[in-house]
């Protein structure tokens, strides 16, 4: 056997390489200094030093209290702890900033958790399927999504008829819940451990469909009940307001919360149902496509693969063309929708005839790549830019800031969560798979217990980040204390700005202390 020895470098060659490395680093830093326009001479300018000292003195003397206010009854006494208007506005806006970050972190975390599993490489690499299976699922995806959207929209529209009849809506909601419980309690089970005849399978499928429709109808009725209850609570609690000093305290925000929650459910129910129905259609198409292609051999299997590939590719190209036409409004939309869909679908079908029908393709790797690409794209866009877009959409205020922070939180936490999944111990996964568990059981019992503590830690850390980001988003009208801070800086009111910076520092420190205690108890 021939062995190869690694050639040892001579001392002279090593010294030359080291010298060249230092030269390259020197040139790199020299270019960096030139590009950043560093001029140390300005540090020695007496005029600029005077300006710096004045600014630092203003910042070191925040305008928190006003000791010069004199009580009209006792002229000789003062009120040293009377807060200024700047301090009161800062307190109000810092509370708004905290709750902006809280809402954005909560919503972003809930949406990032399921998406993070799609961006975990170790889970998605194992997902493979024949070409016909994936293409049939892709073809059924828009069909399921469209039916889900239509069904949920109709349910919400029907439930709106009961907005002025809350008692009727409550009765119908109770009846719907009772019918759903009876279907689950009695009759053939949805999942059977033994093989059952075709009639039993049909009954189980019909039972699932009825339960889904009842759930949609119940949620739609819940929207009507929530809107009516929110309006009633708002009016009632506003009337029960009581004065405390110079303020009026009422709990009308509780009623407003119910109303906003109902409006939010009404808004997201069609979209969520469409997403869920599309996913179910994708799974059904993939399963039956795989079973069909595995049962067939030879020419029938190739023909089935070609047909599924044609339909799936045509649907994908057509959908892409519709989105492009919506963005750019082409003069002849057919050149971007139907025509390329038929051409590309036909070419893909011909190409699929050359592929073994039962050959597994790495569908999971493609999904992983797309998910990571979306995360990287969203993270590359600063929340400040997102806030500008949302301000145009919903107007100035904290709502735009919450939406911008939520979108950036989904991207950031999705990446962190997925990387945490990739770093879990593979031992529990192998042990669960050895028992014959399916993929869902493997995730529930082997993956989720390992990721709960770091997920909580990342979520708390993200809340801290969102509080600090809220101050920057306010510069473009996204709500929070940032808008007032930007105004103070532009008007050269450094004492006012110092109050706000002090409040931000205190809040961030308290959140860091709180999150550290929570992490210590959980992890």
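The values are calculated or read from the model by the stated rules, or taken from the named source; none is laboratory data. These numbers were taken from a predicted model, which means no experiment stands behind them. For neighbour counting, all protein chains shown are included, and Cβ atoms are generated from backbone atoms with ideal geometry for every residue, glycine included.
From the list 342, 233, 283, 237, pick out the single residue that is in the same structural domain as residue 216 (by TED's automatic domain parsing), under 29 Å from residue 132 (Cβ atoms), in contact with a helix residue (DSSP H, G or I) (Cβ under 9 Å, 6 or more places away or on another chain) and part of a helix (DSSP H, G or I).
From the options 342, 233, 283, 237, the qualifying one is 283.
With the condition being at pLDDT 85 or above and more than 30 Å from residue 400 (Cβ to Cβ), I'd like the helices (runs of 4 or more DSSP H) fully within the range 411-523 carrying at least 3 qualifying residues.
Where helices (runs of 4 or more DSSP H) fall fully within the range 411-523 and carry at least 3 residues being at pLDDT 85 or above and more than 30 Å from residue 400 (Cβ to Cβ), they are 426-434, 448-473.
Looking at residue 95 and the list (1) touching a helix residue (DSSP H, G or I) at 6+ places or on another chain (Cβ under 8 Å); (2) at pLDDT 85 or above, which single condition is not satisfied?
(1)
Here are some conditions: (1) assigned by TED's automatic domain parsing to the domain that holds residue 136; (2) surrounded by 15 or more Cβ atoms within 10 Å (Cβ to Cβ); (3) free of Cβ contacts under 8 Å to residues at least 40 places away in the same chain; (4) within 29 Å of residue 147 (Cα to Cα). Residue 225 meets all but one. Which one does it not meet?
Unmet condition: (3).
Can you spot a residue in the range 149-167 that is under 31 Å from the mean Cα position of the chain (by Cα), in a helix (DSSP H, G or I), closer than 19 Å to residue 267 by Cβ and at pLDDT 90 or above?
The answer is yes, given that some residue of the range 149-167 is under 31 Å from the mean Cα position of the chain (by Cα), in a helix (DSSP H, G or I), closer than 19 Å to residue 267 by Cβ and at pLDDT 90 or above.
So, in the range 434-447, how many residues would count as being surrounded by 15 or more Cβ atoms within 10 Å (Cβ to Cβ) and without any contact (Cβ under 8 Å) to a residue 12 or more places away in the chain?
The qualifying residues number 1.
Please work out if residue 300 is exposed (fewer than 14 other Cβ atoms within 10 Å of the Cβ) and either in contact (Cβ under 8 Å) with a residue 60 or more places away in the chain or in a helix (DSSP H, G or I) (or both).
Criteria met by residue 300.
Output yes when any residue across the range 454-473 is surrounded by fewer than 19 Cβ atoms within 10 Å (Cβ to Cβ), more than 22 Å from the chain's Cα centre (by Cα) and in contact (Cβ under 8 Å) with a residue 24 or more places away in the chain, and no when none is.
Looking for residues that are surrounded by fewer than 19 Cβ atoms within 10 Å (Cβ to Cβ), more than 22 Å from the chain's Cα centre (by Cα) and in contact (Cβ under 8 Å) with a residue 24 or more places away in the chain, one finds none in the range 454-473, hence no.
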